[in-house]
Amino acid sequence: MKIRAALLEEFGQPLEVQEVDLAEPKAGEVLVRLVACGVCHTDLYTASGADPSGYSPTVLGHEGAGVVERVGESVASVAPGDHVVTLFSPQCRECVHCLDPRTNLCLAIREQQNQGFLPDGTTRLSRDGEPIRHFMGTSTFAEYTVMPEIALAKIAPEAPLDHACVFACGLSTGLGAALNTAKVEPGSTCVVFGAGLVGLGAVVGCRLSAADRIVCVDPAEQRLELARAQGATHTLTGGPETVEQILELTGGFGADYTFEATGLVDVMRQAVESARMGWGLATVCGVAGRGETLDVVPRFLITGRRVAGSSFGGVKGRDQVPQLVDRYLAGDIDVDAFVSHKLTLDDVNRGFELMEAQDGIRSVIEFG
Ligand SMILES: NC(=O)c1ccc[n+]([C@@H]2O[C@H](COP(=O)([O-])OP(=O)(O)OC[C@H]3O[C@@H](n4cnc5c(N)ncnc54)[C@H](O)[C@@H]3O)[C@@H](O)[C@H]2O)c1
Ligand SMILES: [Zn+2]
Ligand SMILES: [Zn+2]
């Protein structure tokens with residue numbers, strides 16, 4: 001079929017909305033009609049050429065939500081009409097990682113997905129007979145996409161898809177960092193560095209965990225206001241003195257849990273240094289620049305601080321994204337505050353501009 005999609009043709013250039021061909025789903029694959037898709041940093045990171053593993057041409061987009069249109073042979077977990085959230089982090093439920101509660105890093109299709117192929121090593125996207133590679137296994141800046149069944153989370157049909165899409169990446173990443181990776185305990189003191197969608201998600205996750213104090217750090221005052229509305233009890237504007245300020249707030253000890261959601265290695269270091277002696281856990285969510293390293297004085301670790309990384313918030317997507325969406329439907333999670341702009345597919349580059357200007361938290365593309 002012919003579909004319209006936003007193509008990355010050349011790094012550093014605007015995406016081009018074009019007509020491309022999409023083949024029917026093969027065994028284990030699903031054709032999804034996209035209804036909404038968030039514009040995330042990783043899309044911009046790849047489009048800019050900064051990602052060393054990036055390739056072109058490709059159809060970007062990974063924060064998608066839509067409706068199953070058709071399924072390939074042997075697909076059993078979703079059926080036409082089901083509402084789904086796309087997962088760049090799949091869950092096969094069979095590999096050694098899927099069977100272990102300690103990680104969400106499914107091994108089933110990693111290599112093919114990283115190279116832009118579906119699990120059988122081919123693409124369903126093409127133009128004039130030339131294959132076009134998929135992006136993050138999702139390619140959701142498009143009217144339709146074909147994805148592996150194991151990369152789709154079936155969600156409650158009553159969840160509005162223009163809100164559900166943010167659970168495909170940023171929001172689940174922040175929520176999961178607090179709920180899964182750190183497993184924040186009631187009554188604890190938490191610090192969240194960064195109040196973008198990931199950091200705000202972590203603030204919400206800390207609140208849902210009944211944390212006593214939630215400190216949010218961000219230079220952007222507007223974002224701190226959002227953080228307070230989501231449950232932050234203290235806010236700081238960030239800078240070299242942040243660790244000192246957190247120590248002051250915590251009787252000199254530091255916080256039980258800290259979360260980094262900025263992608264800045266200096267802030268990651270602050271997250272480690274402001275974690276509590278004895279048991280403080282620093283959870284790193286941000287994606288650092290190519291070649292950058294995290295500098296930690298070993299004494300911080302010997303005296304009991306720990307560091308954890310969190311990809312997609314440790315969320316096992318097919319099992320847990322539907323649960324998070326249910327919590328949103330139950331009123332525990334306020335998604336409205338995070339969807340700042342609605343765009344059409346043709347305006348996708350405007351989504352990047354708004355992101356670069358820090359205008360709003362998320363821009364969501366709606367498909368007509
Ligand atoms: N681990 C994952 O699976 C995953 C998934 C999605 C995004 N990410 C990464 O998470 C990070 C955050 O994503 P986002 O969408 O929320 O980004 P964002 O740019 O919207 O938010 C980052 C925030 O950090 C703030 N900031 C800048 N300097 C700061 C400082 N010194 N102290 C405190 N805050 C500071 C900025 O003002 C901004 O509000 C990015 O690095 C992104 O690539 C990771
Ligand atoms: Zn797996
Ligand atoms: Zn993302």
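Would a scan of region 323-341 turn up a residue that is over 20 Å from the mean Cα position of the chain (by Cα), closer than 26 Å to ALA159 by Cβ and not acidic (Asp, Glu)?
Taking region 323-341 and keeping what is over 20 Å from the mean Cα position of the chain (by Cα), we get 330-331.
Those left that are additionally closer than 26 Å to ALA159 by Cβ: 330-331.
Subsequent filtering for residues that are not acidic (Asp, Glu) retains 330-331.
Yes - at least one qualifying residue is present in region 323-341.
Applying the selection to region 6-45, what residues are β-branched (Val, Ile, Thr) and at pLDDT 95 or above?
Our first condition is that a residue be β-branched (Val, Ile, Thr); within region 6-45, this holds for 17, 20, 30, 32, 35, 39, 42.
Of everything in region 6-45, those that are β-branched (Val, Ile, Thr) and at pLDDT 95 or above turn out to be VAL17, VAL20, VAL30, VAL32, VAL35, VAL39.
Looking at region 252-277, which of its residues are in a helix (DSSP H, G or I) and in contact with a Lys or Arg (Cβ under 7 Å, 6 or more places away or on another chain)? Before the answer, list the steps.
Step one: of region 252-277, the residues in a helix (DSSP H, G or I) are 265-273.
Scanning region 252-277 gives a single hit, VAL272.
Kindly provide the set of residues from region 127-143 that are farther than 16 Å from LEU15 by Cα and either aliphatic (A, V, I, L, M) or in contact with a His (Cβ under 6 Å, 6 or more places away or on another chain) (or both), ordered by number.
MET136, THR138
So which residues in region 299-338 are of a type in the set (Phe, Trp, Tyr) and more than 16 Å from ligand 1 (Cβ to nearest atom), if there are any at all? Walk me through how you get there before you give the answer.
At the first step, the residues of region 299-338 found to be of a type in the set (Phe, Trp, Tyr) are 300, 312, 328, 338.
PHE300, TYR328 - these are the residues of region 299-338 that are of a type in the set (Phe, Trp, Tyr) and more than 16 Å from ligand 1 (Cβ to nearest atom).
For region 85-135, how many residues meet the condition of being assigned to a loop (DSSP other than H, G, I, E, B), hydroxyl-bearing (Ser, Thr, Tyr) and under 23 Å from GLY176 (Cα atoms)?
Total satisfying the criteria: 2.
Could you pull out every one of the helices (runs of 4 or more DSSP H) wholly within region 148-251 that has 1 or more residues that are within 16 Å of ligand 3 (Cβ to nearest atom)? Give the steps one after another, and end with the answer.
Values: elements: 161-164, 170-176, 197-208, 221-229, 242-249.
Counting at least 1 such residues, we get 161-164, 170-176, 197-208.
Inside region 51-84, can you point out the residues that are away from ligand 1 (no atom under 15 Å from the Cβ), touching a Ser or Thr at 6+ places or on another chain (Cβ under 8 Å) and either farther than 30 Å from THR181 by Cα or among the charged types (D, E, K, R) (or both)?
Step one: list which residues in region 51-84 are away from ligand 1 (no atom under 15 Å from the Cβ), which gives 55-59, 65-84.
Remaining after also requiring touching a Ser or Thr at 6+ places or on another chain (Cβ under 8 Å): 58-59, 65-66.
The answer is THR58, VAL59.
Kindly establish whether VAL296 is closer than 20 Å to THR242 by Cβ and more than 14 Å from ligand 1 (Cβ to nearest atom).
Values: closer than 20 Å to THR242 by Cβ: yes; more than 14 Å from ligand 1 (Cβ to nearest atom): yes.
When the stated conditions are applied, VAL296 passes them.
Any idea which residue in region 70-84 is nearest to the chain's Cα centre (by Cα), counting only those that are part of a loop (DSSP other than H, G, I, E, B) and either closer than 16 Å to MET136 by Cα or of a type in the set (Val, Ile, Thr) (or both)? If you could, list the steps in order and put the result at the bottom.
Here is the first cut: in region 70-84, the ones part of a loop (DSSP other than H, G, I, E, B) are 72-82.
So of that shortlist, the ones also either closer than 16 Å to MET136 by Cα or of a type in the set (Val, Ile, Thr) (or both) come out as 75, 78.
On the way: VAL75: 26, VAL78: 22 Å.
Ranking the candidates gives VAL78 first.
Among the listed residues THR140, THR103, which satisfies the condition of being in contact with a Gly (Cβ under 9 Å, 6 or more places away or on another chain) and over 20 Å from GLY72 (Cβ atoms)?
Values: THR140 fails: over 20 Å from GLY72 (Cβ atoms).
Step by step, each of THR140, THR103 is checked, and only THR103 is in contact with a Gly (Cβ under 9 Å, 6 or more places away or on another chain) and over 20 Å from GLY72 (Cβ atoms).
Let me spell it out: the conditions are (1) within 9 Å of ligand 1 (Cβ to nearest atom); (2) in contact with a Phe, Trp or Tyr (Cβ under 9 Å, 6 or more places away or on another chain); (3) among the charged types (D, E, K, R), and GLU185 meets all of them except one. Which number is the exception?
(1)
Somewhere in region 1-13, is a residue away from ligand 3 (no atom under 16 Å from the Cβ), touching a Lys or Arg at 6+ places or on another chain (Cβ under 7 Å) and either more than 28 Å from GLY368 (Cα to Cα) or among the β-branched types (Val, Ile, Thr) (or both)? Step through it out loud before you land on a result.
Keep residues of region 1-13 that are away from ligand 3 (no atom under 16 Å from the Cβ), which gives 1-5, 7, 9-13.
With touching a Lys or Arg at 6+ places or on another chain (Cβ under 7 Å) added as a condition, the list becomes none.
No.
Evaluate the following for VAL67: is it among the hydrophobic types (A, V, I, L, M, F, W, C), more than 19 Å from the chain's Cα centre (by Cα) and either within 11 Å of ligand 2 (Cβ to nearest atom) or buried (at least 17 other Cβ atoms within 10 Å of the Cβ) (or both)? Spell out the reasoning first.
Values: among the hydrophobic types (A, V, I, L, M, F, W, C): yes; more than 19 Å from the chain's Cα centre (by Cα): yes; either within 11 Å of ligand 2 (Cβ to nearest atom) or buried (at least 17 other Cβ atoms within 10 Å of the Cβ) (or both): no.
No: the conditions fail for VAL67.
If I ask for residues that are within 12 Å of PHE193 (Cβ to Cβ) and buried (at least 24 other Cβ atoms within 10 Å of the Cβ), which ones from region 233-261 would you list?
ILE246, ALA255, TYR257, THR258, PHE259, GLU260, ALA261
Just the residues that are without any contact (Cβ under 8 Å) to a residue 60 or more places away in the chain and within 12 Å of ALA36 (Cβ to Cβ), please, taken from region 342-368.
Correct list: THR344, GLY368.
When only residues in region 103-114 that are under 19 Å from the mean Cα position of the chain (by Cα) and over 9 Å from LYS316 (Cα atoms) count, which is nearest to ligand 2 (Cβ to nearest atom)? Break it down into steps so the answer makes sense when it comes.
Let us first name the residues in region 103-114 that are under 19 Å from the mean Cα position of the chain (by Cα), namely 103-107, 109-110, 113-114.
This time we only want the ones that are over 9 Å from LYS316 (Cα atoms), so: 107, 109-110, 113-114.
Working: LEU107: 6, ILE109: 8, ARG110: 9, GLN113: 12, ASN114: 15 Å.
Selected residue: LEU107.
Filter region 1-39 for residues that are outside any strand (DSSP E or B), in contact with a helix residue (DSSP H, G or I) (Cβ under 6 Å, 6 or more places away or on another chain) and not small (Gly, Ala, Ser) and give the result.
PRO14, LEU15, VAL39
List every residue pair whose Cβ atoms sit under 9 Å apart, with the two residues 6 or more apart in sequence or on different chains, where the first one lies in region 95-118 and is free of Cβ contacts under 8 Å to residues at least 24 places away in the same chain and the second, anywhere, is outside any loop (DSSP other than H, G, I, E, B) and within 16 Å of ligand 1 (Cβ to nearest atom).
Filtered contacts from region 95-118: ARG102/GLY314.
The values are calculated or read from the model by the stated rules, or taken from the named source; none is laboratory data. Predicted model only: the values in this text are computed from it and were never measured. Virtual Cβ from ideal backbone geometry, glycine too; neighbours counted across all protein chains shown.
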